[in-house]
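K.L.:
The following block contains the structure, expressed as structure tokens.
The values are calculated or read from the model by the stated rules, or taken from the named source; none is laboratory data. Note that the coordinates shown come from a computational prediction; the quantities given were computed from them, not determined experimentally. Ideal geometry is used to build each Cβ from the backbone, glycine not excepted, and the neighbour counts take in all protein chains shown. Accessible surface is based on the protein model in full, side chains and every heavy atom, while ligands, DNA and RNA are left aside. Shrake-Rupley method; radii C 1.70, N 1.55, O 1.52, S 1.80 Å.
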Amino acid sequence: MALLHQFKVEKGQVTYRSRFLRSDAYTKNSERDRIIMSEFGTLAMPDPCKNFFQRFLSRFEMIEPTDNGNVSFVKYKGDYYVSTETNFMHRVNPENLETLEKVDWSKFIAVNGATAHPHYDSDGTTYNMGNSYGRKGALYNIITVPSEKSEAKDTLHGAKVLCSIVPANRSHPSYYHSFAMSENYVVFIEQPIKMDLLKIVTCKLRGKPLSEGIYWDPKMETILHVVDKRTGEASSVKYSTKAMSTFHQINAFEEDGFLIVDMCCADDGQAINNYLIQNLRKSGNALDEVYNTLCMAFPRRFVLPLNVTDETPTGQNLNTRPFSIATCVKTSRNQVFCHHEDLHGDDLREYGGMEFPQINYGKYNTRPYRYFYGCGFRHLVGDSLLKMDLQDKTFKVWYQKGLYPSEPVFVPSPDAVDEDDGVILSVVLTPSQDKRTFLLVLDSKTFEELGRANVPVNMSYGFHGTFKASA
């Protein structure tokens, strides 16, 4: 169940609070003291209090989408929400973590859910992506939510579909966790992690969780769809690359007629099936065996030429950017094949690759940048913090054996001049020590530890967080 955590730093003191999200899933499960609501990897079993015929009929009911918003905090029109990837979010009070309101995306716009990783323009407009399903199959939808808020119409009022994209196979659309955005474009990555809609719809009948309907198809290429934010039109050019998976993008920006997209990528998509409770409960050699089957994720750069015309030559590298070894080759009239540039050296392999990337979002999102931060993954969960320098592809590390830091959150200094002026915040778990969780503060320039705030509680490993500045 989604458990919200808050560290509040004020006048040299750090306070902590946590509160379960009062979702319908939490309420129903708590009342019955068992799993009533099915989740991504868990199918709720029929109620044993029902008779045999009632339990049999329940197999034919559609699974109710969960409102267990356990992935990330998101922001729309100045309000904070907690989100997963279904059509339900909850508005929460960021001061006391109280659950305020359940919000259904489908009441405002024709989508069946949205990602937990929206992007924000400088004017407050929010962009996101969500699927819609009809008789002909699925569509990928790029969504915008305006920044304006009125007394009569708050929440998601005014949301609209900017663009709809037809999947390569409408009955087997791609799974996606996030997307990329530059100043003028949204980039949707259609990857070979596929969703078998028939299996998903019939999972309850078959006694299988939703995750059983998701699979990796290595024979398919990855397609990068580019949509103009100003017109809502998708580019007629299809940019493709080899089969890969990506969960988190780092940044995207436009420069000299090119669209540069940086993201953390792996060469297969099996990781989504490895985070099962059976695997997480393993230890020693059994856990090592699971981890050794995972494909590491690494930061990569793709360079997409924006001005491709009928006159653009085929069969040659169109990337004219200096010091960049990424390639992009026009292979036919509306096709460009891209090969990435590694944003790292071989020494990153020692730390298990990198995920959970973060940047100085407020100042450098959609702009050329130099630094990003993330977690090294030598285990099933992150066990180090990394600062990457794109200038020479080197990195700094914070690591202590037996400690497991969360996604790094960058907080700029109030009078910041340089891109990396600020601190890194990360919640560090100590599984071998009881009630020794702490909030870690690093100098984001030097990556040296500035302090810790110890919290006498045990916390589970989390996903994503956010920083909220107070007046």
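K.L.:
Filter the chymotrypsin sites (Phe, Trp or Tyr not before Pro) in region 312-380 down to the DSSP loop ones having no more than 10 other Cβ atoms within 10 Å, then list what survives.
P.N.:
Here the chymotrypsin sites (Phe, Trp or Tyr not before Pro) that fit, given the DSSP loop and packing criteria, are Phe323.
K.L.:
Which residue, chosen from Gly376, Leu276, Ser182, occupies the Cα position most advanced towards the positive end of the dipole of the chain, where the dipole is computed from +1 (Lys, Arg) and -1 (Asp, Glu) charges on Cβ about the Cα centre?
P.N.:
Leu276
K.L.:
Report the calculated FRET efficiency for Lys363 and Asn285 (r = Cβ-Cβ distance, R0 = 35 Å), to the nearest 0.05.
P.N.:
Computed FRET efficiency for Lys363 and Asn285 comes out at 0.15.
K.L.:
What is the gain in length, in nm to one decimal, between Val161 and Arg19 on full extension, counting 0.36 nm per residue of separation less the C-alpha to C-alpha distance?
P.N.:
47.7 nm
K.L.:
Positive end of the charge dipole of the chain (Lys, Arg +1 and Asp, Glu -1 on Cβ, about the Cα centre): tell me which of Thr366, Ser72, Val427 has its Cα farthest that way.
P.N.:
Final value for the positive-end residue is Ser72.
K.L.:
Another question, if that's okay. Count neighbours as other Cβ atoms within 10 Å of each site's Cβ, and list the GluC sites (Glu not before Pro) in region 298-370 that are DSSP loop with at most 15 such neighbours.
P.N.:
Glu311
K.L.:
How far apart, in nm, are two points set 7 Å out from the Cα along the Cα-to-Cβ line at Glu233 and at Lys208?
P.N.:
Output for this residue pair reads 4.2 nm.
K.L.:
Using DSSP to call loops (not H, G, I, E or B), can you name the trypsin sites (Lys or Arg not before Pro) in region 107-197 whose Cβ has at most 16 other Cβ atoms within 10 angstrom?
P.N.:
Counting only loop positions with at most 16 other Cβ atoms within 10 Å, the trypsin sites (Lys or Arg not before Pro) in region 107-197 are Arg135, Lys136, Lys149, Lys153, Arg170.
K.L.:
Among the lysines, which fall within straight-line cross-link reach of Lys75, defined as a Cα-Cα distance under 22 Å, with same-chain neighbours fewer than 8 residues apart omitted?
P.N.:
Those lysines meeting the cut-off are Lys8, Lys102, Lys107, Lys149, Lys153, Lys160, Lys229, Lys363, Lys468.
K.L.:
Give the cross-link partners of Lys199 among the lysines, using a straight C-alpha distance below 20 Å as the criterion and excluding same-chain residues fewer than 8 apart.
P.N.:
Lys136, Lys208
K.L.:
Another question, then. I want to check the label-to-label distance for Gln316 and Asn274. Put each point 7 Å from Cα in the C-beta direction and report it in nm to one decimal.
P.N.:
For Gln316 paired with Asn274, the spin-label model returns 4.2 nm.
K.L.:
Run down the lysines and flag those whose C-alpha is under 22 Å from the C-alpha of Lys242, throwing out any fewer than 8 positions away in its chain.
P.N.:
Of all the lysines, those that pass the test against Lys242 - Cα under 22 Å, at least 8 places apart if same chain - are Lys194, Lys219, Lys330.
K.L.:
Give me the dipole magnitude in Debye, nearest 20, for the chain about the Cα centre, with unit charges on the beta carbon: positive for Lys and Arg, negative for Asp and Glu.
P.N.:
Around 1560 debye, computed over the chain.
K.L.:
Quick check: at a probe of 1.4 Å, how many percent of the accessible area of region 250-332 sits on carbon and sulfur atoms?
P.N.:
Reported share for carbon and sulfur atoms: 50 percent.
K.L.:
Pick out, from Met263, Met195, Ser164, the residue whose Cα sits farthest towards the positive end of the charge dipole of the chain, with +1 on the Cβ of Lys and Arg and -1 on the Cβ of Asp and Glu.
P.N.:
Farthest towards the positive pole: Met195.
K.L.:
Place a point 7 Å from Cα of Val417 in the direction of its Cβ. Which residues in region 347-370 have their backbone N less than 12 Å from it?
P.N.:
Backbone N within reach: none found.
K.L.:
How long is the gain from Glu98 to Thr466 if the chain were fully straight, where each residue apart is worth 0.36 nm and the alpha carbon distance is subtracted?
P.N.:
Net length gain for the segment: 130.8 nm.
K.L.:
How big is the antiparallel share of DSSP beta bridges in the chain, given as a percent to the nearest 5?
P.N.:
Taking every DSSP beta bridge within the chain, about 95 percent pair in antiparallel fashion.
K.L.:
Among [x] 524; [y] 168; [z] 159, which is the computed volume of the Cα convex hull per residue in Å³?
P.N.:
For volume of the Cα convex hull per residue in Å³, the calculated option is [y].
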